[in-house]
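Shown next, in structure tokens, is the structure this report addresses.
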């Protein structure tokens, strides 16, 4: 029996995502022997700094990629939003599973939606993208950094550290915590992180056999949307340290891409959108980025 070793981070969410890959592969290829190997990443170990302050694009991926290089694992399972837009030499995305809901959500102590939070409410989030978009909706809100796994973040909210926190809808729903969601933040209010809600499988470029096995779990519509979003982010030159967001919406053969960027302090920002054929997803992302950079985006990103 052929054997594949799946590498994953150790958080409950990362393990859940890896189980999804394992289950999908097992359903399609019962002839494969599948094993999971847990690997700690730098992002799991540095919890006292906001992501944008660390500024490492491989924060949640580097150790897994090193394991791919030394062949102690055959594939690495990631949240797609954690994968840098330029992968290390010799590695590639082998599959993207069907994407879960990409939106962000508000979780508040009293289950209040955003507009019912008290004046000057304290919001927990380590993301400049989330903070700045909320500031543009409600300038009275205050913000404090929040890191850690889902359970840690919720416990800090419950003990009164914050009035509300912002999390990914997919993360809470995957952990069976739907009831904690106080409000789903629509893309018109907050564009999500590039690739948010999608699970990606990273492999070695020269591993043609694993690439072939993964085709049975690859979801083309999710990959198409992700390609446009990632092309936009790459052309913008951003990562988790920049307040940049994109959201692709696929309808029939047409793809609409929405983009957002802001200065670090959130005082200057741009929104734009572009529609085109789904077959030109990558070019759509590049074109929208160039359009926004020319419309003042370059100056904003330097602030």
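Would you say residue 146 is modelled with pLDDT under 95, outside any helix (DSSP H, G or I), more than 30 Å from residue 68 (Cα to Cα) and touching a helix residue (DSSP H, G or I) at 6+ places or on another chain (Cβ under 7 Å)? In short, yes.
If you go through region 198-207 and keep only what is in a loop (DSSP other than H, G, I, E, B) and surrounded by 24 or more Cβ atoms within 10 Å (Cβ to Cβ), you end up with just 198. The set of residues from region 223-281 being assigned to a helix (DSSP H, G or I) and either assigned by TED's automatic domain parsing to the domain that holds residue 134 or within 16 Å of the chain's Cα centre (by Cα) (or both) comprises 223, 224, 225, 226, 227, 228, 229, 230, 231, 232, 233, 234. Is it the case, given these coordinates, that residue 94 is farther than 27 Å from residue 267 by Cα, touching a residue at least 12 places away in the same chain (Cβ under 8 Å), in contact with a helix residue (DSSP H, G or I) (Cβ under 7 Å, 6 or more places away or on another chain) and buried (at least 19 other Cβ atoms within 10 Å of the Cβ)? When the stated conditions are applied, residue 94 passes them.
If the condition is being crowded, with 17+ Cβ neighbours inside 10 Å, in contact (Cβ under 8 Å) with a residue 60 or more places away in the chain and under 17 Å from residue 153 (Cα atoms), then region 104-127 contributes 104, 105, 106, 107, 108, 126, 127.
Within this structure, residue 160 fails the test of being in contact with a helix residue (DSSP H, G or I) (Cβ under 9 Å, 6 or more places away or on another chain), in a loop (DSSP other than H, G, I, E, B) and touching a residue at least 40 places away in the same chain (Cβ under 8 Å). Looking at region 1-93, the strands (runs of 3 or more DSSP E) lying wholly inside it that each contain 3 or more residues that are at pLDDT 95 or above and either assigned by TED's automatic domain parsing to the domain that holds residue 129 or closer than 30 Å to residue 228 by Cβ (or both) sit at 2-8, 75-79. Return yes when residue 135 is closer than 23 Å to residue 198 by Cβ and surrounded by 15 or more Cβ atoms within 10 Å (Cβ to Cβ) and no when it is not. So residue 135 fails the test.
Here's the yes/no breakdown for (1) assigned by TED's automatic domain parsing to the domain that holds residue 258; (2) touching a strand residue (DSSP E or B) at 6+ places or on another chain (Cβ under 6 Å); (3) at pLDDT 95 or above:
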| site | (1), (2), (3) |
| --- | --- |
| 110 | no, no, no |
| 113 | no, yes, yes |
| 116 | no, no, yes |
| 119 | no, no, yes |
| 141 | no, yes, yes |
| 154 | no, no, yes |
| 158 | no, no, yes |
| 163 | no, yes, yes |
| 170 | no, no, yes |
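Of the set (1) touching a residue at least 24 places away in the same chain (Cβ under 8 Å); (2) over 20 Å from residue 81 (Cα atoms); (3) touching a strand residue (DSSP E or B) at 6+ places or on another chain (Cβ under 6 Å), all apply to residue 200 but (2). How many residues are over 23 Å from residue 261 (Cβ atoms) and surrounded by 15 or more Cβ atoms within 10 Å (Cβ to Cβ) when one looks only at region 171-195? So the count comes out to 10.
The values are calculated or read from the model by the stated rules, or taken from the named source; none is laboratory data. If you're wondering where the values come from, they're calculated on a predicted model, not measured in any experiment. Positions of Cβ are backbone-derived with ideal geometry, glycine not excepted, and every protein chain shown enters the neighbour counts.
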